[in-house]
1. Could you list, in sequence order, the residues of the range 149-160 that are open to solvent by 60 Å² or more (accessible area, probe 1.4 Å) and either farther than 19 Å from Trp21 by Cβ or of a type in the set (Gly, Ala, Ser) (or both)?
2. Test Asp61 against the criterion of being of a type in the set (Asp, Glu), within 24 Å of Lys192 (Cβ to Cβ), modelled with pLDDT of 95 or more and in contact with a strand residue (DSSP E or B) (Cβ under 9 Å, 6 or more places away or on another chain), and give yes or no.
3. Residues in the range 158-189 that are more than 17 Å from the chain's Cα centre (by Cα), hydrophobic (A, V, I, L, M, F, W, C) and part of a helix (DSSP H, G or I): how many?
4. Is it the case, given these coordinates, that Pro219 is over 16 Å from Leu103 (Cα atoms), open to solvent by 60 Å² or more (accessible area, probe 1.4 Å), of a type outside the set (D, E, K, R) and free of Cβ contacts under 8 Å to residues at least 12 places away in the same chain?
5. Condition first: under 24 Å from Val233 (Cβ atoms) and either among the small types (Gly, Ala, Ser) or part of a loop (DSSP other than H, G, I, E, B) (or both). Now tell me which residues in the range 124-147 satisfy that.
6. Give the number of residues within the range 1-31 that are open to solvent by 60 Å² or more (accessible area, probe 1.4 Å) and not in a loop (DSSP other than H, G, I, E, B).
7. Exactly one of these conditions fails for Phe177: (1) aromatic (Phe, Trp, Tyr); (2) surrounded by 17 or more Cβ atoms within 10 Å (Cβ to Cβ); (3) modelled with pLDDT of 95 or more. Give me its number.
8. Residue under question is Arg123, and the condition is that it be among the basic types (Lys, Arg) and exposed (fewer than 13 other Cβ atoms within 10 Å of the Cβ); does it hold?
Amino acid sequence: MGGEGPPLVLLHGMGGNAHWWDPVAPALAARHRVLALDFRGHGDSSWSEPPAYQLEDYAADLESVRGALSLGKIRVAAHSLGARVALRHAALHPQTVERLAALDFLAEFWGTNKERHERRRARRQPSFADPEAMARRFHLEPDKTALSPDALAALGRTAIRPAEGGRWTWKFDWRAFDIDYPPVWPMLSGVKAPCLIVRGEHSTVMPRGEFERSVRELPEARGVEIAGAYHHVTLDAPQATADALLKFFP
């Protein structure tokens, strides 16, 4: 995404792509060399055959990118699934991460979050005849957001790809929902980099108790809550999110 300065890698959430960072990245690029990645099976990255969509796979991809681009020690800002990947990577490769911002992530499955994930996992890859109708049907998960309907449809247009038979599908391999998602707590003590934990004020993915526990159990962490935001803080409150990140990344 451009910019000069220390490398700052941006990681998106499940089913998303690098464009989820578009509202925030320009502010970050004023002080950083910003790189927003598409995970395997997401965005414009290739789909894995056979499917290999576990946290370790994504973390290995992050390490491969870091090495291939000779980035040295990196700063990472990561949302949702991306935050879990970044925490796993930081625990496995502590010498490679200078600072890590983990934004509104699911610490463990519980109640409605587990039920929602199981329903998504049971579905097959969606297929549509009309890409514009797809864009109008596009919604976030969870669906609460401060985005306008037009902005939501514009985001949806970045997530569409051709499928077989002249049809269309999302830029997301549905098989990635088969991910194992164990509780994050045992891993946190292995993360040595300073961390910023970010929560949307109205998030149903990261309850305030889990937010506070994450800050407490990481060896060196602070927390910030983004007022008025739901789970997708980079979309709901981009300026406040950028301000929090820039304060954390000097």
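The values are calculated or read from the model by the stated rules, or taken from the named source; none is laboratory data. Just so you know, these numbers come straight off a predicted model, no measurement behind them. All Cβ positions, even for glycine, are placed from backbone atoms using ideal geometry, and neighbour counts span all protein chains on display. Quick note on the areas: whole protein, heavy atoms, side chains included, nothing else; ligands and nucleic acids left out. Shrake-Rupley method; radii C 1.70, N 1.55, O 1.52, S 1.80 Å.
1. Pro149, Asp150
2. On the way: of a type in the set (Asp, Glu): yes; within 24 Å of Lys192 (Cβ to Cβ): yes; modelled with pLDDT of 95 or more: yes; in contact with a strand residue (DSSP E or B) (Cβ under 9 Å, 6 or more places away or on another chain): yes.
In short, yes.
3. Counting residues in the range 158-189 that are more than 17 Å from the chain's Cα centre (by Cα), hydrophobic (A, V, I, L, M, F, W, C) and part of a helix (DSSP H, G or I) gives 3.
4. On the way: over 16 Å from Leu103 (Cα atoms): yes; open to solvent by 60 Å² or more (accessible area, probe 1.4 Å): yes; of a type outside the set (D, E, K, R): yes; free of Cβ contacts under 8 Å to residues at least 12 places away in the same chain: no.
Spelling it out, it is not the case that Pro219 is over 16 Å from Leu103 (Cα atoms), open to solvent by 60 Å² or more (accessible area, probe 1.4 Å), of a type outside the set (D, E, K, R) and free of Cβ contacts under 8 Å to residues at least 12 places away in the same chain.
5. Quick first cut of the range 124-147, residues under 24 Å from Val233 (Cβ atoms) only: 135, 137-147.
Ala135, Phe138, His139, Leu140, Glu141, Pro142, Asp143, Lys144, Thr145, Ala146, Leu147, listed by residue number.
6. Within the range 1-31, the subset open to solvent by 60 Å² or more (accessible area, probe 1.4 Å) is 1, 4, 19, 22-23, 26, 30-31.
Still in the list and also not in a loop (DSSP other than H, G, I, E, B): 19, 26.
The number of residues fulfilling the criteria is 2.
7. Unmet condition: (3).
8. Details: among the basic types (Lys, Arg): yes; exposed (fewer than 13 other Cβ atoms within 10 Å of the Cβ): yes.
Judged against the criteria, Arg123 is a match.
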